[in-house]
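Before any comments, here is the structure.
The values are calculated or read from the model by the stated rules, or taken from the named source; none is laboratory data. None of these values were measured; they are calculated from a predicted model. Here the Cβ positions follow ideal geometry from the backbone for every residue, glycine too, while neighbour counts run over all protein chains shown.
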2 protein chains.
Amino acid sequence: MTQTKDDTIAVRISKVLADRIIAGEIEPGSRLRQDHIASEFGASHVPVREAFRRLEAQGLAISEPRRGVRVAAFDLAEVREVAEMRASLEVLALRHAAPHLTKAILDLAEDATRAGDKSRDVHSWEEANRTFHRTILAPCAMPRLLATIDDLHAASARFLFAAWRTEWETRTDMDHLAILAALRQGNVDAALTTLGRHVQWIGQKPVRTAAGTTREAFAIVG
Amino acid sequence: MTQTKDDTIAVRISKVLADRIIAGEIEPGSRLRQDHIASEFGASHVPVREAFRRLEAQGLAISEPRRGVRVAAFDLAEVREVAEMRASLEVLALRHAAPHLTKAILDLAEDATRAGDKSRDVHSWEEANRTFHRTILAPCAMPRLLATIDDLHAASARFLFAAWRTEWETRTDMDHLAILAALRQGNVDAALTTLGRHVQWIGQKPVRTAAGTTREAFAIVG
DNA sequence: TTTCGATAAATTATAGATAATTCTGTCGAC
DNA sequence: GTCGACAGAATTATCTATAATTTATCGAAA
């Protein structure tokens, strides 16, 4: 899947750490100690520090000089911010991708949606959702835009996993189907409008904290 | 201005290199050799490598494993891409900033525009232009969005300096004035429309290459 | 309780060494 | 003259060891 063969050690470490942060395996705010991580990966601190810089750029970690690196914290304001950025940029990407969308591509996107609808856990749903969005946006052929959207998707996934850590209820994604239908009949504007609204939809769910109390958790669900 | 005291060496190096790349002092495609840069800054190669990772994240350099780091090349397609991303994101930022704009802020933005109109060289024009955009967008209070816009501005500046390396003709920026006027009278939609169009306007200019031939150069002028 | 200071720990950075890879330029074959 | 093979130089990516600086901890004194 992801080629680990040609990657540099620093890249490999950053990918593993990114996965852990997104999955919520490491608490927001907790410290990433370079020597511990170095010894875990059997590496020295040099590639670990480079991995930290990559995580920082993705917005998954924050680094304070001389105080080390921490997993980035987030709040409702940031969930909203990422949702709005995704809405703007995905609409832009789809506008450019639309003329290049073929029936084959739209069929692949529909497969992804169906896989999402059948998902029984939040992880496989997220993967299917990400595939859907990637599939219809990639033909825009704007690498910088797609890379930025990827980082925002990573943030979205993090919020999602934090809110729906365990439970997940199957549901069919009407928006995805509406977007595909609009694209198939050449109604790009309708697809753009639906996509923009879809990505800004923020799910809300009461969640038990470790202390036993409940709080509201929010996540981008689309 | 920019605090170099508290910064780490890696950050300091990346800032200097970023300035050089944006100013066009280093040719696109040319290699950044870590040992050379390390000795130039009187540092070791470790912070230099971290600086490279930061430049990579900003899109100013590209790194290929085992083949080193090069200054990122760019073409008309990327100029267009950055322009469109800026248009989308700056419109989003302004929509959120608008309710928080005060007369004092708008006056500051007008000062920046006036400074730009008086600029006799492209560097001071770019600085004034950047100040204008920053001033009206910052009150949106969306840090991730603003950071992304900053990186896009850096790319824009790079394109601009590459196209208008020496010559620059003074001109008054009607779009800026129109945006400010619309904001002052509370017509946010008009301001958003004008800003979106303004940032997508791509200037075009024949430029003499080193070989003596002329080619068309393009840049985001807004 | 708060403040102070000694101690411990972690980050940041240096220096030097090494394996692997890429670049460069020469030489010979066609 | 062009092409490819080859040797040597240069460069990257990494490790190890170590120093300097800063932050964190923790107990004692005011």
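Condition (residue is surrounded by 14 or more Cβ atoms within 10 Å (Cβ to Cβ), more than 15 Å from the chain's Cα centre (by Cα), within 15 Å of DNA strand C (Cβ to nearest atom) and within 14 Å of chain A (Cβ to nearest Cβ)) applied to region B:87-99: is it met by at least one residue?
no
Do we have B:Ala115 as more than 14 Å from chain A (Cβ to nearest Cβ), touching a residue at least 12 places away in the same chain (Cβ under 8 Å), touching a helix residue (DSSP H, G or I) at 6+ places or on another chain (Cβ under 8 Å) and not acidic (Asp, Glu) here? Before you say what the answer is, go through the steps one by one.
Values: more than 14 Å from chain A (Cβ to nearest Cβ): yes; touching a residue at least 12 places away in the same chain (Cβ under 8 Å): yes; touching a helix residue (DSSP H, G or I) at 6+ places or on another chain (Cβ under 8 Å): yes; not acidic (Asp, Glu): yes.
Here the answer is yes, as B:Ala115 does meet what is asked.
Looking at (1) within 16 Å of DNA strand D (Cβ to nearest atom); (2) within 9 Å of chain B (Cβ to nearest Cβ); (3) touching a Pro at 6+ places or on another chain (Cβ under 9 Å), find the lone condition where A:Arg70 falls short.
(2)
Of all residues in region A:17-36 being under 19 Å from A:Arg158 (Cβ atoms) and more than 15 Å from the chain's Cα centre (by Cα), which is nearest to DNA strand D (Cβ to nearest atom)? Break it down into steps so the answer makes sense when it comes.
First, the residues of region A:17-36 that are under 19 Å from A:Arg158 (Cβ atoms): A:17-32.
Those still in the list that are more than 15 Å from the chain's Cα centre (by Cα) too: A:25-32.
Values: A:Glu25: 22, A:Ile26: 18, A:Glu27: 15, A:Pro28: 17, A:Gly29: 12, A:Ser30: 13, A:Arg31: 9, A:Leu32: 14 Å.
Here the answer is A:Arg31.
Which residues, counting only those in region A:139-173, are more than 14 Å from the chain's Cα centre (by Cα), modelled with pLDDT of 95 or more and surrounded by fewer than 15 Cβ atoms within 10 Å (Cβ to Cβ)?
A:Ala141, A:Pro143
A:Ile62 - would you say it is within 15 Å of DNA strand D (Cβ to nearest atom), free of Cβ contacts under 8 Å to residues at least 12 places away in the same chain and under 28 Å from A:Met142 (Cα atoms)?
Values: within 15 Å of DNA strand D (Cβ to nearest atom): yes; free of Cβ contacts under 8 Å to residues at least 12 places away in the same chain: yes; under 28 Å from A:Met142 (Cα atoms): yes.
The answer is yes for A:Ile62.
Give the residues of region B:1-25 that are of a type in the set (A, V, I, L, M) and either modelled with pLDDT of 95 or more or under 14 Å from A:Ser63 (Cβ atoms) (or both), sorted by residue number. Write out each step before concluding.
Step one: of region B:1-25, the residues of a type in the set (A, V, I, L, M) are B:1, B:9-11, B:13, B:16-18, B:21-23.
Result: B:Ile9, B:Ala10, B:Val11, B:Ile13, B:Val16, B:Leu17, B:Ala18, B:Ile21, B:Ile22, B:Ala23.
Give A:Ala38, A:Ala23 a once-over and let me know the one that is within 14 Å of chain B (Cβ to nearest Cβ) and not β-branched (Val, Ile, Thr).
On the way: A:Ala23 fails: within 14 Å of chain B (Cβ to nearest Cβ).
Exactly one of A:Ala38, A:Ala23 is within 14 Å of chain B (Cβ to nearest Cβ) and not β-branched (Val, Ile, Thr), namely A:Ala38.
Suppose we filter B:Glu56, B:Glu126 for residues that are assigned to a helix (DSSP H, G or I), more than 16 Å from DNA strand C (Cβ to nearest atom), surrounded by 17 or more Cβ atoms within 10 Å (Cβ to Cβ) and away from every other protein chain (no Cβ under 14 Å); which single one remains?
The conditions single out B:Glu126.
Can you name the residue in region B:73-86 that is aliphatic (A, V, I, L, M) and more than 15 Å from the chain's Cα centre (by Cα) and is also nearest to DNA strand C (Cβ to nearest atom) among such residues? Walk me through it before giving the result.
So in region B:73-86, the residues aliphatic (A, V, I, L, M) come out as B:73, B:76-77, B:79, B:82-83, B:85.
Still in the running and more than 15 Å from the chain's Cα centre (by Cα): B:73, B:76-77.
Numbers: B:Ala73: 15, B:Leu76: 26, B:Ala77: 24 Å.
Result: B:Ala73.
Looking at A:Val46, A:Val82, which is the one that is farther than 18 Å from B:Arg144 by Cβ and within 11 Å of chain B (Cβ to nearest Cβ)? Walk me through how you get there before you give the answer.
Working: A:Val82 fails: farther than 18 Å from B:Arg144 by Cβ.
Result: A:Val46 is the single residue among A:Val46, A:Val82 that is farther than 18 Å from B:Arg144 by Cβ and within 11 Å of chain B (Cβ to nearest Cβ).
Take A:His176 and decide whether it is away from chain B (no Cβ under 13 Å), outside any loop (DSSP other than H, G, I, E, B) and of a type outside the set (A, V, I, L, M, F, W, C). Walk me through it before giving the result.
Working: away from chain B (no Cβ under 13 Å): yes; outside any loop (DSSP other than H, G, I, E, B): yes; of a type outside the set (A, V, I, L, M, F, W, C): yes.
In short, yes.
How about region B:5-16: which of its residues are away from DNA strand D (no atom under 13 Å from the Cβ) and within 14 Å of chain A (Cβ to nearest Cβ)? Steps first, answer last, please.
Taking region B:5-16 as the starting set, the residues that turn out to be away from DNA strand D (no atom under 13 Å from the Cβ) are B:10-16.
Result: B:Ala10, B:Val11, B:Arg12, B:Ile13, B:Ser14, B:Lys15.
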